[in-house]
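Here is the structure we will look at, set down as structure tokens.
The values are calculated or read from the model by the stated rules, or taken from the named source; none is laboratory data. All of these numbers come straight from a predicted model, not from anything done at the bench. In this analysis, Cβ positions are derived from the backbone assuming ideal geometry, glycine residues included, and neighbour counts consider all displayed protein chains. These accessible areas exclude ligands, DNA and RNA; they are computed on the full protein's heavy atoms, side chains included. Shrake-Rupley method; radii C 1.70, N 1.55, O 1.52, S 1.80 Å.
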Amino acid sequence: MSEEKQSTNTETTPLFENKFVFVSEDGELILKKTSLFEQRVLAQADPESVEAQVEAFENAFENLQTKVDGFFENVSKEDAPDADELKASFDKLTGELLEAEAVGDFESLINSSKERLESLLAPAEKETADKEEDESADDEPEDAADTETIEIEVEKETKPSEADDTAQSDKKDSEKEKEVDKAAADEPEDAGDTQTVERETEMDEVEEETKPAETDESAEAEKEVAEEKKDLSETETYYKELADKAEQLVEVSDWAYVSMEFDNIDNAWGEGPDPAGEEEDEAIDISGYREKIDQLREDFEQKKKAHYEEQKRKREENLEKKKQILASLKKIVDDEEWTATREVGKLKGRWDRIKAVPADAAEDLEKKFSSLLSTFDDHKVDRLVKKKQQEEDNLTGKLVILEKMEKFVKELDETSDWDEMEKSFEQLAKQFRKIGRVPVEKNQEVWSQYHRLQDTFHSMRFKHDKSYRNKIEKHLGRKKKLIDEAEALIDAEDLAEAARKVNKLHRRWKKAGNLPQKDENELWDRFKAATDKFNDKKSDNLDLLREQEQENLEEKHALIEKAENLKDSEDWEQTHKDLQNLMEKWKKVGPVPKRSSGKIWKKFKGAMDHFYDRRRDHFKEVKEERKDNLKEKEEVLEKLRELRDHEDPIEAVNIAKPLQTEFKKAGYVPIKHKNRMWKEYREICDVIYDRFRAAKAAVQVVGQENVENFSVDDIADIRKLNSQASSLRKQITKMEQELIQKKESLSYFKPSGGSNPLLDDVKKKIEKSEEEIAEKEDKLAEIEKKIDLIKKEGEE
């Protein structure tokens, strides 16, 4: 690697990073690139409070989610939303989301929102298509007879009235207008415009219902109505139309308007024709119409009362909400939390979204909230001034550190102790990074100077420090290998498995070690290009990816089924091995759909936990059982110990055999006692059986008739001495044979007058052998005397 290439090694690891955002070494909070937008800078982060700032942006994203939910909640309340308006509103909302300063999964949020939009548009589009189909039906000429209106005012104009009646009617109308104005004044502040629109809409609907139908079915219905009217007298038709109008009014939610119209119906009823008629047989019963109108008005009044009570309840609820917001803001001010700008902004947004409250409390609440907000803003300005001063102080501190770093770098040469220099330089770098933010206009200049000094230091070290060069080469090799692996994944057929490997490659890249900045940037660009290309391929083949994930899911379901079949087994060791094999297979299976990942792992682990819980309980019982076995074996050993000194060794063996069987049948003991118990058991049995074998051999030693005359120890001593005597006899015999061979070898030497060293050596060996044989014969004689002495003592 050339010197030119080694511009320096700067730290490339971000100060903070998660799935959606990272903080660069320059302190920039950067939102990562997605399929919806390019990478962009959100803010300048304070190194000492990075996580808190990221959390604030994450909270902002949660507010965006709430905003989206509110949008669809409002849309769902509409009976028949207009498709074009809904799309326009959604596009506006999407634009706001993409430009929002927040941290979160924008892709999932917007994709799920689009799905919700499509589900809302589907019925609206179908209704529009049906309506267009109806409008294209037969266009029949309107029948003049079918265009009759039920508006009472029209009939009133055609009916002559007296001047006094007209004046009285005008007076009543004036009074009703005042009542309407009063009712309108009682409406909630935010209800006026809405109710006006609703009234116009509903009256349009009423008028639409009176229009002649354009289809055969509606034409037939109009015809039946017309025939019914022919059967009624003009008087009864008048009162029936009043009842029909009342029935239509109850569907309108403009309470003031409906109240006025019911009064108009009552006035029209009083001004209507006399139902008694001029002749007695012409009398008409209109009580049913009156009862219908009265019942409809009573129902309307109940609905109106319920509506106003609901409005009152909502205003009281809004009042409580505003009181809570006020208390939260007051706490921030009282605690002097002047840095809580974002929290105060949220409180203000919530305050503005809450509309109507009781009129007697509204003004006081606004005054208190404005006062607290003004206090906070005043202190916020003071805080910003202090913050600006702190940034200036930080700038001074960083410039001092940079001067020290500059001086430090100039003093470096090829004789420097680079390990010590690294520690000293890193200490200065830590001091630089520890100092907080500087004024924005100076930030880039300060960091550029810092990076330049780092580059200079690492460049000189690369030039003069061989071990450092070797380390850099090692890091370089690792990262090139990672690039090769990333590029190989581009053509991978198993996209699900490859996606998991890409994530692992990113983690390995962070641990692969740093390189000089120039090489680091070059390799990172190659690595990122490969992973981006794979991600593009993954995006273009989502169906294939989902299919592969589904196949992996089915494979893992099969493993779960096997684990479920094994979980109740009592073959503890074999089942343990089988489950471990299943776990290894589980790890090798590729990724599954995220929505199923946690669920299937819970099932698989649940089956394994079930088995191992049972296994643990089983061995807990076994442990208790082995404690009992230990106690039983201790008792058997105690009985065996007593047989070691039994007066009759042969009888002792007969007693020991059933005890040995009992000892073996007692079962396993705790593992920590196993070796000790077996050792004691073998030692005791060896003593018993040694005495038994000695007793059996006594017959051969002293004869059957003399066995009772000798003690067990005497017989054992005789056997021991006989064994030693037998061994000596064998040695003497062997040595005598060797002595004969040595003496025969003398015949091979010819007589000579001079000295023969070889012959002299043979003679010396012969003399030595004769001495050794004599010693062993003396020892043998001594042993035989001891044996004779023991036998004589026994016979006496």
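Observations on the structure shown:
- Kirkwood hydrodynamic radius of the range 465-592, from inverse mean 1/r over distinct Cα pairs, in Å: 17.4 Å
- The stretch between Glu683 and Gln444 holds 77.5 nm of extra length on full extension. This uses 0.36 nm per residue minus the Cα-Cα distance.
- Links that overshoot a 30 Å alpha carbon limit, given the list Lys434/Lys510; Lys665/Lys720; Lys404/Lys442; Lys346/Lys430; Lys33/Lys87: Lys665/Lys720; Lys346/Lys430
- Here the calculated FRET efficiency for Arg676 and Lys605, from their Cβ-Cβ distance with R0 = 56 Å, stands at 0.90, rounded to the nearest 0.05.
- With the simple model of a label 7 Å out from the Cα in the direction of the Cβ, Lys594 to Lys304 spans 5.5 nm.
- Solvent-accessible heavy-atom area per residue, rounded to whole Å², over the range 382-439 at 1.4 Å: 63 Å²
- Reach of Lys743 by Cα under 30 Å, taken over lysines that are not fewer than 8 positions away in the same chain: Lys730, Lys734, Lys763, Lys764, Lys765, Lys768, Lys776, Lys779
- In Å², nearest 10: area of Asp69 left accessible to a 1.4 Å probe: 80 Å²
- Projecting label points 7 angstrom from Cα along Cα→Cβ for Glu584 and Asn565 puts them 1.9 nm apart.
- Proximal lysines relative to Lys303, as straight alpha-carbon distance under 26 Å, when same-chain residues fewer than 8 apart are discounted: Lys77, Lys172, Lys176, Lys178, Lys182, Lys240, Lys245, Lys292, Lys312, Lys314, Lys355
- Averaging the Cα positions of each part gives two centres, and for the range 480-534 and the range 640-658 these lie 79 Å apart.
- Net length available on complete extension from Leu542 to His464 is 22.9 nm, with 0.36 nm assigned per residue and the Cα-Cα distance removed.
- Extension gain for Lys763-Glu551 works out to 66.7 nm (0.36 nm per residue, less the C-alpha to C-alpha distance).
- Computed from the C-beta positions of Asp274 and Gln311 and an R0 of 35 Å, the FRET efficiency is 0.25 to the nearest 0.05.
- Which listed pairs, of Lys387/Lys407; Lys474/Lys504; Lys480/Lys501, have C-alpha distances above 24 Å, in listed order: Lys387/Lys407
- The fraction of accessible area contributed by carbon and sulfur in the range 280-427 is 49 percent, rounded to a whole number (1.4 Å probe; ligands and nucleic acids excluded).
- Where labels lie 7 Å past Cα in the beta-carbon direction, separation of Glu771 and Ser112 in nm: 10.7 nm
- Among 451-463, 103-115, the peptide with the highest mean count of other Cβ atoms within 10 Å heads the list, and the full ranking is 451-463, 103-115.
- Among 422-435, 551-564, sorting by the average number of other beta carbon atoms lying within 10 angstrom of each residue, highest first, gives 551-564, 422-435.
- Cα Rg, Dmax (largest Cα-Cα span) when computed across the range 374-450, Å: 17.2, 64
- Out-of-range pairs (alpha-carbon distance over 23 Å; input Lys114/Lys348; Lys511/Lys603; Lys32/Lys538; Lys471/Lys518; Lys631/Lys674; Lys562/Lys602): Lys114/Lys348; Lys511/Lys603
- As a calculated quantity, the FRET efficiency between Glu251 and Asp377 at R0 = 60 Å, using C-beta atoms, amounts to about 0.75.
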